[in-house]
Amino acid sequence: MLQPEILIVEDDKDLAEIAIDYMEQKKLGCLRAGSAEEAFEALYLHPIRLIILDINLPGMNGFQFIEKLRKETQVPVIFISARTSDTDKVKGLMLGGDDYLSKPYSLAELHSRVLALLRRTYGYSVLQPLSFSDIIIDQKRQTVKKAGRPLELTLKMYELLVYLAAHPGEILTKERLFTEIWGYGSESTPSVLAVHIRWLREKIEKDPSDPKHILTVYGKGYRFEE
């Protein structure tokens, strides 16, 4: 079992558990607190290195929580919230937040922001290159090369390719891929996944009509083969 180092303060249990599952697949131990009060208890019991903090919490809200937190520790904090106004973002950062991510968010983006903040704060470097065939994915620079030449990918295409390449041989359902790349509660429709799969095949496959890497598992989803 991974030692908890990421504390997710979120009263939506389902949303928090989706994020925890994703982070732990990436070898980052996580713990959930459903309220600010539970979060302080967790901080006293575990060596938490980063907090993912929702603003809308029962009782003490996220803004009140970080005001109290900053009197005791400078542990890095990423705000997550359905509030998208610049006023809320500025307030969160002025109170001591280190980053602000609006809901709905992709799990891949949340993970990348967590890693970036851990690197800045503690010097972590856990983004290893991924490679298959003549493709090299540089996760630190977020670049992809095919036979030594850069591929131009949209952010979602890049996130989808990284996720697929990080799970070789697994059957990944369409629902899982959509949730983890486009985010829980996204306004996009699942059909956008099929479009991005087609675009990726056109970029990385020698013959997109007969793919060797991004395979369709009929009735289930997709499987990535190296």
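The values are calculated or read from the model by the stated rules, or taken from the named source; none is laboratory data. Because the structure is a prediction, the values reported are computed rather than measured. With ideal geometry, Cβ positions are generated from the backbone for all residues, glycine too; neighbour counts draw on all protein chains shown. Just the protein is used for accessible areas: all its heavy atoms, side chains included, with ligands, DNA and RNA removed. Shrake-Rupley method; radii C 1.70, N 1.55, O 1.52, S 1.80 Å.
Quick notes on this structure:
- Among residues of the range 172-192 that are part of a helix (DSSP H, G or I), those with a beta-carbon under 7 Å from a residue that is open to solvent by 80 Å² or more (accessible area, probe 1.4 Å) and at pLDDT 75 or above at least six positions away or on a different chain give the pairs K174/P190; F178/P190.
- Scope the range 1-23; condition closer than 18 Å to A116 by Cβ and open to solvent by less than 20 Å² (accessible area, probe 1.4 Å); matching residues: I6, L7, I8, A19, Y22, M23
- Qualifying positions in the range 71-106 - at pLDDT 90 or above, out of contact with any helix residue (DSSP H, G or I) (no Cβ under 8 Å at 6 or more places or on another chain) and part of a loop (DSSP other than H, G, I, E, B): none
- Search result, residues across the range 43-90 that are more than 18 Å from I8 (Cβ to Cβ) and of a type in the set (V, I, T): T84, T87, V90
- Residue count for the range 202-215, restricted to those that are in contact (Cβ under 8 Å) with a residue 12 or more places away in the chain and either open to solvent by 80 Å² or more (accessible area, probe 1.4 Å) or within 25 Å of S102 (Cα to Cα) (or both): 1.
- Residue under evaluation F224, criteria (1) surrounded by fewer than 16 Cβ atoms within 10 Å (Cβ to Cβ); (2) touching a His at 6+ places or on another chain (Cβ under 7 Å); (3) under 26 Å from A19 (Cβ atoms), criterion not met: (1)
- Hits in the range 74-84 (condition: open to solvent by 50 Å² or more (accessible area, probe 1.4 Å) and either of a type outside the set (D, E, K, R) or within 21 Å of L118 (Cα to Cα) (or both)): Q74, A82, T84
Yes or no, residue by residue, for (1) open to solvent by 70 Å² or more (accessible area, probe 1.4 Å); (2) at pLDDT below 85:
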residue	(1), (2)
A108	no, no
P129	yes, yes
V144	no, no
E170	yes, no
T173	no, no
I181	no, yes
E187	yes, yes
L200	no, no
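- Test result for I51, open to solvent by less than 10 Å² (accessible area, probe 1.4 Å) and out of contact with any Lys or Arg (no Cβ under 7 Å at 6 or more places or on another chain): yes
- Out of K89, K26, sole residue that is surrounded by fewer than 20 Cβ atoms within 10 Å (Cβ to Cβ) and touching a His at 6+ places or on another chain (Cβ under 7 Å): K26
- Annotation note: Cβ proximity below 6 Å between a residue of the range 145-162 that is closer than 13 Å to L130 by Cα and a residue that is open to solvent by 40 Å² or more (accessible area, probe 1.4 Å) (sequence gap 6+ or interchain) occurs for K145/I136; K146/D134.
- Hits in the range 136-151 - residues which are among the charged types (D, E, K, R) and over 21 Å from the mean Cα position of the chain (by Cα): K145, K146, R149
- Top-ranked residue of the range 1-58 - restricted to ones that are of a type in the set (V, I, T) and either in a helix (DSSP H, G or I) or within 19 Å of L107 (Cα to Cα) (or both), ranked as farthest from the chain's Cα centre (by Cα): I55
- Criterion: buried (at least 16 other Cβ atoms within 10 Å of the Cβ), part of a loop (DSSP other than H, G, I, E, B) and of a type outside the set (S, T, Y) - qualifying residue of L153, L164: L153
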